[in-house]
Amino acid sequence: MIKITLPDGSIREVAAGSTALQIAQSISPRFASEVLSSTVNGELWDIQKPINEDSSLKLHKWDDDKGKLAFWHSSSHLMAAALEQLYPGIKFGIGPAIESGFYYDVDSPTPITEGDLAKIEQKMVELARQGQTFVREDISKDEAMRRYTEKGDQYKCELIEGLEDGTITFYTNGGYTDLCRGPHIATTSIIKAVKLTSVAGAYWRGDEKRKMLTRIYGITFPKKSLLDEYLVLLEEAKKRDHRKLGKEMELFYFSPKVGQGLPMWLPKGAALRERLENFLRNVQKQYGYEQVITPHIGMKELYVTSGHYAKYGKDSFQPIHTPNEDEEFLLKPMNCPHHCEIYKFKPRSYKDLPVRLAEFGTVYRYEMSGELHGLTRVRGFTQDDAHLFCRPDQLKDEFKKVIDIVLYIFKTLKFDNFTAQISLRDPNNREKYIGTDENWEKAETAIIEAAAEKGLNTVVETGEAAFYGPKLDFMVRDAIGRKWQLGTIQVDYNLPERFDLTYKGSDDKDHRPVMIHRAPFGSMERFVAVLLEHTAGKFPLWLTPQQAVVMPISEKFNEYAQKVAKLLNNCDIRTLVDDRNEKIGRKVRDNELAKVPLLVIVGEKEEAENTISVRVQGQGDKGSMSLQDFTAMVAQKVKEEISKIGSNN
RNA sequence: GCUGUUGUAGCUCAGUGGUAGAGCACUUCCUUGGUAAGGAAGAGGUCUCGGGUUCAAUCCCCGAUAACAGCUCCA
């Protein structure tokens with residue numbers, strides 16, 4: 001018997017031997033027309049392949065990721081069919097479904113550009129309407145190889161070579177046949193809306209040494225209205241782009257004359273950053289951190305010792321030479337070596353540990369020009385860095401405290417949609433890393449255990465570790481869904497050895513401390529970028545550069561407006577006066593659009609009664625009140641935004 | 001770094017092989033107002049840079065450069 005769980009949760013049983021599509025048909029033809037894919041015992045299963053054994057079957061529709069997967073993957077075949085007709089001789093790489101839509105990598109005899117997309121879309125719609133079915137065919141590896149060798153398709157041949165021996169499946173829709181694991185939807189006629197979004201280059205098999213193919217991205221929907229909704233969503237996301245908001249709000253600026261990837265913080269951005277730094281400084285003070293300040297350069301030998309020179313020297317900024325021969329300095333690409341030297345400036349006792357050295361340290365890394373991206377990927381940036389030197393028995397506890405800090409910050413700034421990722425080394429590629437296996441194992445175990453004890457939901461990625469140690473990263477998405485690493489915590493047994501760091505134990509012998517690198521924001525630049533996209537520029541009151549604006553009704557009340565602004569500023573409410581020669585309606589509009597959270601209007605009535613009229617951004621008129629009531633209201637709001645440390649546990 | 005697209009006023013963007021345009025912002029004047037755009041006048045450009053084609057290039061071609069999308073990379 002086959003046990004079927006329907007999308008509504010109800011369960012039915014049918015005899016084995018039918019396909020998922022037939023079973024869906026027996027429930028109702030209408031229902032069957034919405035079924036996109038199926039899973040048998042949790043594994044994806046072709047909806048047209050008979051299920052012969054006792055098993056449990058699930059049917060997936062559009063509202064389910066597994067349904068979308070089949071829909072979009074089938075759409076990529078539909079696009080391939082269209083491309084084959086439009087560009088005879090075109091060769092295909094791979095064409096999977098992705099998080100939103102699909103792509104296909106192609107090698108076309110004639111170049112395909114953005115201008116061609118409309119034509120391809122049209123062809124896809126035309127083919128989709130023909131209601132092509134996806135026909136499955138099982139053939140041998142040799143036969144598959146023979147077919148593609150005949151066609152002279154080196155890409156598919158290479159893919160087949162990489163497959164295990166045995167049967168290989170092909171799918172045909174219309175005149176287009178493709179090597180494919182499946183599964184697919186029943187017919188192309190349910191693809192009702194097609195949008196090809198972009199063309200870009202992509203290396204064959206992701207290898208930068210190999211040929212670059214043309215990647216065409218697209219997305220399809222079973223209903224036209226869903227496509228419209230998607231396009232609106234994309235437009236909304238574009239409005240939240242931190243590069244656009246940063247310009248509009250005058251937060252930061254890139255000058256070609258200063259250089260690529262070297263952001264300059266404008267007065268408002270600097271004020272915002274300063275507030276964020278102070279916020280973290282206060283948190284860290286409560287956790288026993290000490291602030292240090294180190295230079296922006298260091299002797300080459302410093303980085304030879306740390307191992308960074310061997311690993312990154314050639315890809316980095318060129319050394320700085322002095323009039324002295326053989327003397328070379330490097331711009332610092334990270335702060336750890338300097339902090340290790342600070343640790344060494346005096347003998348340490350086991351009683352002194354943990355030593356927690358924090359610095360807002362500006363570092364420089366020569367990122368390849370194509371990697372630069374607004375404030376999220378730059379060549380000069382400031383890490384909210386700290387290095388904790390602790391005894392091995394303190395490691396896990398210290399690590400957990402750092403997790404607390406990160407979670408506290410994310411909670412305060414309402415980053416509730418983060419992913420915690422444990423990055424381990426690739427055990428098959430050990431030469432990429434420094435340090436002994438034993439130390440790596442200790443470090444990896446510490447991270448896994450600490451994360452588990454904190455109840456974090458983690459994903460594990462092997463091969464993503466730093467070259468000196470494993471890490472726990474906190475990833476947050478930007479407005480259009482790209483993932484960025486913000487907070488990071490790393491365990492390191494290696495640098496203490498390389499720098500020969502020691503502490504005197506209770507046994508009067510020298511011992512090796514363990515080091516934790518951590519940056520809860522990641523970098524000030526990237527954090528502000530993601531914060532901008534999350535808040536769409538409407539920062540929480542405690543953080544926003546300008547909290548209030550006082551708008552006099554006419555010039556006659558400018559003096560009173562100045563007086564009110566001065567009183568508010570004295571109460572630590574960051575306030576400016578808008579005394580432009582404009583009508584009040586205009587001032588309200590401009591300041592609403594500038595996202596000033598509190599708008600204060602003063603005129604004849606307010607001056608006579610010694611009050612103010614208040615408007616809250618996005619919420620309209622709140623009526624008049626005394627200055628005392630207003631400042632109390634603001635203080636209350638700020639207090640609500642910044643909860644006490646530790647309350648997230 | 002690779003592939004592709006784009007570069008016109010402070011910003012957002014039209015436009016043309018024959019001496020360059022709009023809206024917003026800016027300056028001045030009028031207006032002195034009650035919760036999302038009051039009116040008028042003015043100023044502002046080596047059309048990213050360097051070559052080439054042409055009688056003539058902002059426009060066509062080549063190269064550089066920067067931004068954008070993706071790939072690759074990310075201490």
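What to note about this one:
- Here residue A:190 clears all of (1) among the aliphatic types (A, V, I, L, M); (2) buried (at least 19 other Cβ atoms within 10 Å of the Cβ); (3) over 23 Å from residue A:100 (Cβ atoms) except the condition numbered (3).
- The residues listed here are A:165, A:241; of these, the one that is in contact (Cβ under 8 Å) with a residue 12 or more places away in the chain, surrounded by fewer than 19 Cβ atoms within 10 Å (Cβ to Cβ) and in contact with a helix residue (DSSP H, G or I) (Cβ under 6 Å, 6 or more places away or on another chain) is A:165.
- Boolean, residue A:593 is within 14 Å of RNA strand B (Cβ to nearest atom), open to solvent by 20 Å² or more (accessible area, probe 1.4 Å), among the hydrophobic types (A, V, I, L, M, F, W, C) and closer than 26 Å to residue A:240 by Cα: yes
- Being open to solvent by 10 Å² or more (accessible area, probe 1.4 Å) and out of contact with any Gly (no Cβ under 8 Å at 6 or more places or on another chain) holds for only one residue in A:415, A:360, and it is A:360.
- Number of the exception - residue A:317 against (1) at pLDDT 95 or above; (2) within 12 Å of RNA strand B (Cβ to nearest atom): (1)
- Of everything in the stretch A:202-215 that is within 16 Å of residue A:96 (Cβ to Cβ) and either out of contact with any Leu (no Cβ under 8 Å at 6 or more places or on another chain) or near RNA strand B (Cβ under 6 Å from one of its atoms) (or both), the residue that is most open to solvent (accessible area, probe 1.4 Å) is A:205.
- Inspection of the stretch A:559-569 finds a residue satisfying the criterion of being within 38 Å of the chain's Cα centre (by Cα) and either open to solvent by 60 Å² or more (accessible area, probe 1.4 Å) or over 26 Å from residue A:636 (Cβ atoms) (or both).
- Residues of the stretch A:322-375 that turn out to be among the aromatic types (Phe, Trp, Tyr), touching a residue at least 40 places away in the same chain (Cβ under 8 Å) and in contact with a His (Cβ under 9 Å, 6 or more places away or on another chain), as a count: 3
- Put simply, of A:426, A:416 the only residue that is in contact with a Ser or Thr (Cβ under 7 Å, 6 or more places away or on another chain) and either modelled with pLDDT under 90 or in a loop (DSSP other than H, G, I, E, B) (or both) is A:426.
- Here the stretch A:611-629 is the region considered, the condition is being within 13 Å of RNA strand B (Cβ to nearest atom) and within 16 Å of residue A:567 (Cβ to Cβ), and the residue that is most open to solvent (accessible area, probe 1.4 Å) is A:624.
- Qualifying residue in the stretch A:448-456 (condition: small (Gly, Ala, Ser), under 17 Å from the mean Cα position of the chain (by Cα) and under 30 Å from residue A:535 (Cβ atoms)): no
- Across the stretch A:275-291, a minimum of one residue is classified as in contact with a strand residue (DSSP E or B) (Cβ under 6 Å, 6 or more places away or on another chain), more than 13 Å from RNA strand B (Cβ to nearest atom) and over 29 Å from residue A:392 (Cβ atoms).
- For the stretch A:508-523, the condition holds for at least one residue, the condition being that it is touching a helix residue (DSSP H, G or I) at 6+ places or on another chain (Cβ under 8 Å), open to solvent by 10 Å² or more (accessible area, probe 1.4 Å) and outside any strand (DSSP E or B).
- Any hit, the stretch A:367-380, residues being within 16 Å of RNA strand B (Cβ to nearest atom) and more than 30 Å from residue A:251 (Cβ to Cβ): no
- All conditions in (1) within 15 Å of RNA strand B (Cβ to nearest atom); (2) part of a helix (DSSP H, G or I); (3) within 24 Å of residue A:413 (Cα to Cα); (4) not β-branched (Val, Ile, Thr) hold for residue A:495, with the sole exception of (3).
- Condition check for residue A:487: within 30 Å of residue A:235 (Cα to Cα) and either without any contact (Cβ under 8 Å) to a residue 60 or more places away in the chain or open to solvent by less than 20 Å² (accessible area, probe 1.4 Å) (or both): yes
- Pair list, Cβ under 6 Å, 6 or more apart: the stretch A:417-433 residue under 21 Å from residue A:312 (Cα atoms), other residue open to solvent by 60 Å² or more (accessible area, probe 1.4 Å): A:423/A:461; A:423/A:464; A:424/A:462; A:426/A:462
- Top-ranked residue of the stretch A:84-136 - restricted to ones that are open to solvent by less than 60 Å² (accessible area, probe 1.4 Å), of a type in the set (Val, Ile, Thr) and part of a loop (DSSP other than H, G, I, E, B), ranked as nearest to residue A:174 (Cα to Cα): A:90
- Any hit, the stretch A:447-457, residues being closer than 30 Å to residue A:241 by Cα and modelled with pLDDT of 90 or more: yes
- Out of A:218, A:246, A:259, A:269, sole residue that is within 11 Å of RNA strand B (Cβ to nearest atom) and buried (at least 16 other Cβ atoms within 10 Å of the Cβ): A:246
- Residue A:285 vs. criteria touching a Phe, Trp or Tyr at 6+ places or on another chain (Cβ under 6 Å), of a type in the set (Lys, Arg) and surrounded by fewer than 19 Cβ atoms within 10 Å (Cβ to Cβ): no
- In the stretch A:438-478, residue most open to solvent (accessible area, probe 1.4 Å) [restricted to those that are of a type outside the set (D, E, K, R) and in a loop (DSSP other than H, G, I, E, B)]: A:457
- Taking the listed residues A:598, A:576, the one that is under 30 Å from residue A:285 (Cβ atoms) and touching a strand residue (DSSP E or B) at 6+ places or on another chain (Cβ under 6 Å) is A:598, with no other qualifying.
- Meets criteria (more than 24 Å from residue A:194 (Cβ to Cβ) and either within 34 Å of the chain's Cα centre (by Cα) or in a helix (DSSP H, G or I) (or both)) for residue A:25: yes
- Listed by first and then second residue, the pairs with beta-carbon distance under 7 Å, at least 6 apart or on different chains, first residue in the stretch A:200-215 and among the hydrophobic types (A, V, I, L, M, F, W, C), second within 6 Å of RNA strand B (Cβ to nearest atom) and open to solvent by 70 Å² or more (accessible area, probe 1.4 Å), are A:202/A:212; A:212/A:203.
The values are calculated or read from the model by the stated rules, or taken from the named source; none is laboratory data. Every value quoted in this text rests on a predicted model; they were computed, and no experiment measured them. Every residue, glycine as well, gets a Cβ built from its backbone with ideal geometry; the counts of neighbours run over all protein chains shown. Please note that ligands, DNA and RNA were not included when accessible areas were found on the heavy atoms of the full protein model with its side chains. Shrake-Rupley method; radii C 1.70, N 1.55, O 1.52, S 1.80 Å.
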